[in-house]
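Here is the structure we will look at.
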């Protein structure tokens, strides 16, 4: 039996984060999930325990530095080490360009950009050489929006792309690898309300050559690959998992 690895997943209460926590549990990780939704993350942790191994759910807002630092410390003590990090926590925003306010930009960037940075920094403090991190950006960050997420969201995800590359450069000397996954439309609670608009859904799905949205599990599998030893020669890269919506 191979040794289990240790992982932290943010945004683990639902959607891509929950699917990632469960996928990592299935692939031999002990996992701590972190989310602002305490009931949701505890539920995911319970489901992970049914798959074997030890798993924990913690409540913290990734944009709240003291709370996040404390959560990472508790997670590290529980796990006894840290091999992998997936930063799935994020918020969406569909405010039209001319209606955006600085307050909206700050709210979105606090979670999507500052929150991701804090997680990368704290993980780097606890990882030994060989550790792997995966951020979650979006095709909105590649395209500048144009689907559902508008300027604040697209700009935040573009910032995560740049942050990921810089982290890969900066943390390479520590023996750490950092990559990102850029999902296209994915059937998560984040887009559930917008997806009730049949015309909008049909238009967006038609932009993909597979003519469909992804399931969270599909994105989780991409993240799990980048966090695995099989991706040992990959860092600073973006794996686009969008059913062929963006080709470049």
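Sorting check: for 187-199, 77-89, which peptide has the highest mean count of neighbouring beta carbons within 10 Å, and how do the rest follow?
Most protected by this proxy first, the peptides run 77-89, 187-199.
Would you calculate the separation in nanometres between label points at residue 217 and residue 65, each defined as 7 Å from the Cα along the Cα-to-beta-carbon direction?
4.1
For labels at residue 121 and residue 203 in the simple 7 Å Cα→Cβ model, what's the distance in nm?
4.0
Per residue of the chain, what 222 nm ellipticity follows from adding -39500 (n - 2.57) for every DSSP H run with n ≥ 4, rounded to the nearest 500?
Working: 9 runs with 105 residues, N = 248.
Dividing the helical sum by the residues of the chain leaves -13000 deg cm²/dmol.
What nm distance separates the two modelled labels at residue 106 and residue 233, each placed 7 Å from Cα along Cα→Cβ?
Modelled inter-label distance: 4.7 nm.
Return a whole-number percent for the relative contact order of region 5-241, with Cα pairs under 8 Å and 6 or more residues apart as the contact set.
Relative contact order of region 5-241: 20 percent.
Decide, for region 12-134, between rounded, prolate and oblate: order the square roots of the alpha carbon gyration tensor eigenvalues as a ≥ b ≥ c, take rounded if a/c falls under 1.5, and otherwise choose prolate if a/b is larger than b/c, else oblate. Please list the in-between numbers first.
Values: a/c = 2.18, a/b = 1.60, b/c = 1.36.
It is prolate, given that a/c is not under 1.5 and a/b is the larger ratio.
Distance from the Cα centre of region 3-34 to that of region 195-248, in angstrom?
Using only Cα atoms to place each centre, the spacing works out to 18 Å.
For helix 15-26, report the angle its Cα long axis makes with the longest principal axis of the Cα atoms of the chain; keep it between 0 and 90° and round to the nearest 10°.
Its long axis makes an angle of about 30 degrees.
Cα axis of helix 151-171 to longest principal axis of the chain: angle in degrees, 0 to 90, nearest 10?
With both axes taken from Cα atoms, the answer is about 30 degrees.
How much FRET efficiency would the formula 1/(1 + (r/R0)^6) give for residue 47 and residue 98, where r is the Cβ-Cβ distance and R0 is 35 Å, rounded to 0.05? Mind showing how you got there, number by number?
On the way: r = 43 Å, r/R0 = 1.22.
Step by step, r from the Cβ atoms, then E = 0.25.
Could you calculate the FRET efficiency of residue 74 with residue 128 from 1/(1 + (r/R0)^6), where r is the beta carbon distance between them and R0 is 25 Å, rounded to 0.05?
The calculated FRET efficiency here is 0.85.
Given the peptides 10-19, 162-171, arrange them by the average over their residues of other C-beta atoms within 10 Å, most packed first.
10-19, 162-171
Gain in length, residue 210 to residue 170, computed as 0.36 nm per residue apart minus the alpha-carbon separation, to one decimal in nm?
In short, 10.7 nm is gained.
Any read-out appearing in this document is the output of simple, stated calculations on the displayed coordinates, not a laboratory observation. Quantities reported herein were computed from a predicted structural model and do not represent experimental measurements. As a convention, Cβ positions derive from the backbone with ideal geometry for all residues, glycine included, and neighbour counts pool all protein chains shown.
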